[in-house]
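Take a look at the structure below.
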Amino acid sequence: MTALEHSHPVDERLRRWRLVLGAEADEPLGVRLGHDELAIDQALAALYDEDAERKGGLGASSPAVARWLGDIRTFFPSSVVRVMQKDAMDRLGLHKMLLEPELLASVEPDVNLVGTLLSLGRVMPAKTRETARIVVRKVVEDLERRLASPMRQAVTGALNRATRTRRPRAPEIDWHRTIRANLRHYQSDHGTVIPERLIGHGRRRTSLRDIILLMDQSGSMAASVVYSGVFAATMASIRAVQTRVVAFDTSVVDLSDNLSDPVDLLFGIQLGGGTDIERALKYAQGLVRAPQDTILVLISDLIEGGDREGMVARAAELVKSGVQVIALLALSDSGAPAFDAKIAGVLSSLGIPSFACTPDAFPDLMAAAIKRSDVSAWAAERGFGVQRSSTVS
């Protein structure tokens, strides 16, 4: 808002208040807006005036909405634009117009927009799908640039530490680490190091950990699903880990074959519908091949629409078998989520830590799980609000 920045400080404050309060404040404040400020005011009024929602402030015209989207990108930074777009979807039904490719191409892409597009998947016409894929890929690539490298570093580092052994057999000796650990035992007379402590890689198999991401695809979990898809594709690129990703509502869909392309994976998700966590946990049980080396991350608000007692019993069976189970109430930056606190407490009583996690912290969470650290303590140290134990009533 350049026009405001060059005003007298008092005038600037009055103009800002005028933009906040709307046209009704013209006379009380005695402020006259300039040309650019009036354009900003019109963009705000179309969305936030009291009668905007009732009257459909942006109208039903795609060109009018496209102009409005262009205006807010001109006047406001990207972070504000994303908030206004989300508000427009909630207040004015903008999501219905995203089915038009010309309009979709003018929207500022972000995680919330991707979630909206995924929820529209069933009704999206063919002419819009390619534009939608371009928008989704842009967001996914942005997330990968920010999150993929920390994910790989955290997981591979944790695997190296978790699989290292102090009593290796000859083929398993890690000579580089062994030599570094024994340099103080160098024998100058013999020109060699006499190792007092051997460090090895530990046992080898196709994968050192099996990770199952079980994603609730009910509408409230949209942002969590997007982040989960990106993380799952990243972990699938790590050879020492076998990653499976399963989406569920009242049915269960295994999307593991799409892990090579997170965009394909996300478009295999159908946001909305009910929730049957018990059925999803039953399917996950069938994927477990080495319980002691399996990490199951249930990403859900735990609002069970199916058999609650059966869900708890199924979770208890997984824990008893040796599977490390973590319940993520949300994987997003959206603040405290809505969830079933009673079920979260019950899972905690079974030894299943239940809390919400931010995307930036998720790589460290997986590293802690791989090392078999106390995940509840890890989450509590970071202020993630681990749920307390309770019993089924």
**Q.** Fraction of accessible area attributable to carbon and sulfur, segment 256-343 (%, probe 1.4 Å)
**A.** 48 percent
(Q) Taking 8 Å as the Cα distance limit and 6 or more residues as the minimum spacing, I'd like the relative contact order of segment 93-145 as a percentage. (A) 45 percent
Q: Determine how large the accessible area of ARG67 is when every protein chain is in place; take a 1.4 Å probe and give Å² rounded to the nearest 10.
A: 150 Å²
Q) Normalized C-alpha radius of gyration of segment 278-363, against 2.2 N^0.38 Å? A) 1.06
Q: Compute the accessible area per residue over segment 218-294, keeping the other protein chains in place, probe 1.4 Å, unit Å².
A: 35 Å²
(Q) Taking the alpha-carbon distance from LYS371 and a cut-off under 20 Å, which aspartates and glutamates remain once sequence neighbours fewer than 8 residues away in the same chain are dropped? (A) GLU172, ASP174, ASP210, ASP293, ASP360, GLU381
Q | Out-of-range pairs (alpha-carbon distance over 25 Å; input LYS86/LYS342; LYS282/LYS320; LYS282/LYS342; LYS320/LYS342) | A | LYS86/LYS342
Q | Built amide H within the under 5 Å cut-off of GLY273, gap 5+ | A | GLY219
Q. In cubic angstrom, how much convex hull volume per residue do the alpha carbon atoms of segment 240-393 span?
A. 119 Å³
**Q.** Accessible-area ranking of ASP142, ASP340, largest first, probe 1.4 Å
**A.** ASP142, ASP340
Q: Using per-residue counts of other Cβ atoms within 10 Å, averaged over each peptide, order 327-334, 124-131 from highest down.
A: 327-334, 124-131
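The values are calculated or read from the model by the stated rules, or taken from the named source; none is laboratory data. Just so it is clear, the structure is predicted and the values come from calculations on it, not from any experiment. FYI the Cβ positions are ideal-geometry reconstructions off the backbone, even for glycines, and counts take in every protein chain you see. For the accessible areas, the whole protein counts, side chains as well, though only heavy atoms, and no ligand, DNA or RNA atoms are used. Shrake-Rupley method; radii C 1.70, N 1.55, O 1.52, S 1.80 Å.
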